[in-house]
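Visitor: After the structure tokens below, expect a handful of questions from me.
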Amino acid sequence: MLSIQKFVLGPVATNTYLIADTDTGEADARDAVVIDPGGEGHLIVKAAEKRGWKIRQIWLTHSHFDHIGGVAEIVSDSGGVVVGLHPDDLPLWKHKGGASFFGMDVDPGPKPTLKFQHGQSLSVGSYKFEVRHAPGHTPGHVIFYCQAAGTLFSGDVILQGSIGRTDLPGGDYATLMKSINEQVLSLPDDVRILPGHMGETTVGAERRGNVFLG
């Protein structure tokens with residue numbers, strides 16, 4: 001089973017996900033991945049340790065400050081963690097995710113060395129995840145789709161009844177809508193959407209009820 005632990009962390013209540021395949025590997029040494037650690041990385045590390053999981057990678061949907069604020073602490077506390085980001089979001093990462101724009105400061109952690117590409121396949125135990133490049137909120141925004149688990153980690157591309165902001169540097173409304181139509185609404189209606197903020201939803205619920213998609 002793909003186990004998904006959700007945390008709401010950081011200054012703007014970012015959804016952070018700790019995931020592992022509980023059917024593979026030894027119970028006290030399963031590899032885990034963190035998606036979008038918004039802050040308070042020590043809480044995520046403790047949660048992984050409690051379950052006997054070892055955090056191996058951090059996957060960033062994009063590099064806004066509220067999605068990278070916990071990276072440095074996780075890497076420091078865990079060691080040997082690989083950080084992944086799409087290259088088009090590296091300029092934003094270098095500016096600490098635009099934190100200064102909001103009067104904040106974050107430590108973005110080590111430079112990402114796992115360079116995401118559209119169509120790339122990632123693994124968590126026996127589960128495969130497809131990387132889908134979905135720009136518009138930021139130039140290098142990606143989403144992670146696991147067909148076997150019927151789950152999409154959507155970052156800030158699409159939210160429950162809403163869509164990601166496009167008024168920040170690098171945002172573009174037309175590009176975002178194209179990404180949603182091609183990379184999200186192309187999926188089956190019953191796919192769970194686990195977004196970067198607010199509650200979970202499904203592709204079908206957003207197709208039918210999201211006022212921004214009418």
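Visitor: Return the residue satisfying two criteria in turn: it lies in the range 151-178 and is among the small types (Gly, Ala, Ser) and under 16 Å from the mean Cα position of the chain (by Cα), and of such residues it is farthest from Leu2 (Cα to Cα). Don't jump to the end; show me each part of the working.
Guide: Taking the range 151-178 as the starting set, the residues that turn out to be among the small types (Gly, Ala, Ser) are 154-155, 161-162, 164, 170-171, 174.
Checking the rest, the ones that are also under 16 Å from the mean Cα position of the chain (by Cα) come to 154-155, 164.
Numbers: Ser154: 17, Gly155: 19, Gly164: 26 Å.
Here the answer is Gly164.
Visitor: Working carefully through the options Gln147, Gln160, find the one that is in contact with a helix residue (DSSP H, G or I) (Cβ under 9 Å, 6 or more places away or on another chain) and surrounded by fewer than 18 Cβ atoms within 10 Å (Cβ to Cβ). First the steps, then the outcome.
Guide: Working: Gln147 fails: in contact with a helix residue (DSSP H, G or I) (Cβ under 9 Å, 6 or more places away or on another chain).
Gln160 is the lone residue from the list that is in contact with a helix residue (DSSP H, G or I) (Cβ under 9 Å, 6 or more places away or on another chain) and surrounded by fewer than 18 Cβ atoms within 10 Å (Cβ to Cβ).
Visitor: Which ones in the range 182-211 are hydrophobic (A, V, I, L, M, F, W, C) and touching a helix residue (DSSP H, G or I) at 6+ places or on another chain (Cβ under 8 Å)?
Guide: Filtering the range 182-211 down to residues hydrophobic (A, V, I, L, M, F, W, C) leaves 184-185, 187, 191, 193-194, 198, 203, 205, 211.
Scanning the range 182-211 gives Val184, Leu185, Leu187, Val191, Ile193, Val203.
Visitor: Can you tell me how many residues in the range 67-84 are over 11 Å from Gly109 (Cβ atoms) and surrounded by fewer than 16 Cβ atoms within 10 Å (Cβ to Cβ)?
Guide: Looking only at that region, the number is 3.
Visitor: Could you go through the range 204-214 and let me know if any residue there is farther than 26 Å from Val34 by Cβ, in contact with a strand residue (DSSP E or B) (Cβ under 7 Å, 6 or more places away or on another chain) and part of a helix (DSSP H, G or I).
Guide: Yes, that holds for at least one residue.
Visitor: Pick out, from the range 108-187, the strands (runs of 3 or more DSSP E) lying fully within it that include 1 or more residues that are without any contact (Cβ under 8 Å) to a residue 24 or more places away in the chain. Explain how you work it out, then say what you get.
Guide: Details: elements: 121-124, 127-133, 142-146, 151-155.
So the answer is 121-124, 127-133.
Visitor: Here's a follow-up. Identify all residues within the range 91-131 that are buried (at least 16 other Cβ atoms within 10 Å of the Cβ), more than 20 Å from Ala20 (Cα to Cα) and in contact with a strand residue (DSSP E or B) (Cβ under 8 Å, 6 or more places away or on another chain); write none if there are none.
Guide: Of everything in the range 91-131, those that are buried (at least 16 other Cβ atoms within 10 Å of the Cβ), more than 20 Å from Ala20 (Cα to Cα) and in contact with a strand residue (DSSP E or B) (Cβ under 8 Å, 6 or more places away or on another chain) turn out to be Trp93, Gly109, Pro112.
Visitor: Something else now. For the range 10-47, what are the residues that are aliphatic (A, V, I, L, M) and crowded, with 21+ Cβ neighbours inside 10 Å?
Guide: Keep residues of the range 10-47 that are aliphatic (A, V, I, L, M), which gives 12-13, 18-20, 27, 29, 32-35, 43-45, 47.
Within the range 10-47, Leu18, Ile19, Ala20, Ala32, Val33, Val34, Ile35, Ile44, Val45 meet the criteria.
Visitor: Would you point out the residue of the range 181-207, among those that are under 21 Å from Leu122 (Cα atoms) and touching an Asp or Glu at 6+ places or on another chain (Cβ under 9 Å), that is surrounded by the most Cβ atoms within 10 Å (Cβ to Cβ)? Walk me through how you get there before you give the answer.
Guide: Applying the first criterion (under 21 Å from Leu122 (Cα atoms)) to the range 181-207 yields 182-184, 186-188, 191-196.
From what is left, the residues that are touching an Asp or Glu at 6+ places or on another chain (Cβ under 9 Å) are 184, 192-196.
On the way: Val184: 23, Arg192: 17, Ile193: 23, Leu194: 20, Pro195: 24, Gly196: 29.
In this case the residue turns out to be Gly196.
Visitor: How many residues does the range 76-95 contain that are closer than 20 Å to Val131 by Cα and either in contact with a Leu (Cβ under 7 Å, 6 or more places away or on another chain) or not in a helix (DSSP H, G or I) (or both)?
Guide: Residues flagged as closer than 20 Å to Val131 by Cα and either in contact with a Leu (Cβ under 7 Å, 6 or more places away or on another chain) or not in a helix (DSSP H, G or I) (or both) within the range 76-95 amount to 7.
Visitor: If you scan the range 49-64, which residues turn out to be part of a strand (DSSP E or B) and among the polar types (S, T, N, Q)? Break it down into steps so the answer makes sense when it comes.
Guide: Within the range 49-64, the first condition is being part of a strand (DSSP E or B), and the residues that meet it are 53-59.
Listed by number, the list holds a single entry, Gln57.
Visitor: Looking at the range 81-107, which of its residues are of a type in the set (Gly, Ala, Ser) and under 25 Å from His118 (Cα atoms)? Steps first, please.
Guide: Applying the first criterion (of a type in the set (Gly, Ala, Ser)) to the range 81-107 yields 84, 97-100, 103.
Across the range 81-107, the qualifying residues are Gly84, Gly97, Gly98.
Values quoted throughout were computed directly from the atomic coordinates according to the rules given, and no laboratory measurement underlies them. Model, not experiment: these values are computed from the prediction. Glycine gets a Cβ as well: all are built from the backbone with ideal geometry, and neighbour counts include every protein chain shown.
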